[in-house]
Amino acid sequence: SGLSSTTIAALTTTQLRGVTATQIGGLNTTDTVEFTSTQIGTLTTTQLSALTATNFSGLSSTTIGTLSTTQLRGVTTAQLGGLTTTDALEFTSTQIGTLTTTQLSALSLTNFGALTTTQIGALNPAQISSLTTTSIANITATTLDGLTTTQIAALTITQIDNLTTTRIASLTTTQIAGFTTTQVQSFDADQANAYVNAG
């Protein structure tokens with residue numbers, strides 16, 4: 001990048017504002033890991049999106065957890081797809097709820113499956129209904145505990161078709177009450193049995 005990691009760490013927020021997207025894109029992982037939360041908070045969406053997927057993942061997990069909702073809107077799908085599980089777990093509920101459906105689908109199956117019950121519980125109905133059947137099938141029973149009744153009601157019939165009987169059986173009485181009549185009527189025999197005995 002031409003600048004030492006120590007120099008980059010010393011840049012003021014005013015100086016960072018003057019750094020071009022091209023210069024940001026030329027940084028290496030050793031450089032980007034030196035960014036402080038304050039410095040990252042200064043970057044515009046254009047600057048932030050200029051980071052390569054590798055360098056974005058190179059940001060400390062704590063730093064990623066401090067990105068503003070505006071900044072997150074500018075994060076590319078490639079950057080999100082390159083995150084480690086440790087990075088993904090740093091997303092706050094507010095950050096998770098900010099992700100577009102396209103961004104959410106860019107998370108790797110491993111990272112999506114590792115999200116906590118609190119993070120899953122922060123997904124809005126539009127995000128829930130956009131999840132792929134593979135993502136739905138990859139949700140652990142523990143993580144599924146984070147779904148609210150509103151989120152359960154947002155599940156599409158196709159998504160419900162991919163809920164295993166084990167997942168349905170693990171739902172609480174409160175969650176079970178969230179299914180709509182149309183959803184319940186879409187259950188196959190095994191799912192219906194798990195539904196009746198859940199909670």
Next on the checklist: Give all pairs with beta carbons closer than 9 Å in which a residue from the stretch 93-107 that is touching a residue at least 12 places away in the same chain (Cβ under 8 Å) and under 11 Å from Thr69 (Cα atoms) meets a residue that is hydrophobic (A, V, I, L, M, F, W, C) and in a helix (DSSP H, G or I); count only pairs at least 6 apart in sequence or on separate chains.
Outcome noted: Gln95/Ile64; Gln95/Leu72; Ile96/Leu104; Ile96/Ile120; Thr98/Leu72; Leu99/Leu72; Leu99/Leu80; Leu99/Ala106
Item to check | Search result, residues across the stretch 93-134 that are closer than 27 Å to Gly199 by Cα and either among the acidic types (Asp, Glu) or surrounded by 19 or more Cβ atoms within 10 Å (Cβ to Cβ) (or both) | outcome: Phe112, Leu115, Gln119, Ile120, Ala122, Leu123, Gln127, Ile128, Leu131
Checklist outcome for this item: Those residues of the stretch 149-198 that are in a loop (DSSP other than H, G, I, E, B) and aliphatic (A, V, I, L, M) come to a total of 5
Checklist entry - Among Asp161, Asp145, which is the only one that is among the charged types (D, E, K, R), surrounded by fewer than 18 Cβ atoms within 10 Å (Cβ to Cβ) and either under 27 Å from Thr70 (Cα atoms) or modelled with pLDDT under 90 (or both)? => result Asp145
Checklist outcome for this item: When restricted to Leu144, Leu155, Leu163, Leu171, the only residue within 18 Å of Ser93 (Cα to Cα), of a type in the set (A, V, I, L, M, F, W, C) and either in contact with a Gly (Cβ under 7 Å, 6 or more places away or on another chain) or in contact (Cβ under 8 Å) with a residue 24 or more places away in the chain (or both) is Leu144
Item to check | Tabulated pairs, the stretch 121-139, first more than 14 Å from Ile157 (Cα to Cα), second among the basic types (Lys, Arg) and surrounded by fewer than 21 Cβ atoms within 10 Å (Cβ to Cβ), C-beta under 9 angstrom, 6+ apart or interchain | outcome: Ile139/Arg167
Checklist entry - Ala10 fails exactly one of the following numbered conditions: (1) touching a helix residue (DSSP H, G or I) at 6+ places or on another chain (Cβ under 7 Å); (2) hydrophobic (A, V, I, L, M, F, W, C); (3) over 25 Å from Ala88 (Cβ atoms). What is the number of that condition? => result (1)
Checklist outcome for this item: The number of residues in the stretch 116-148 that are assigned to a loop (DSSP other than H, G, I, E, B), hydrophobic (A, V, I, L, M, F, W, C) and in contact with a Ser or Thr (Cβ under 6 Å, 6 or more places away or on another chain) is 1
Checklist entry - Is it the case that some residue within the stretch 51-66 is at pLDDT 90 or above and closer than 20 Å to Gln119 by Cβ? => result no
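The values are calculated or read from the model by the stated rules, or taken from the named source; none is laboratory data. Predicted model, so just to flag it, every value in this text is computed and none were measured. With ideal geometry, Cβ positions are generated from the backbone for all residues, glycine too; neighbour counts draw on all protein chains shown.
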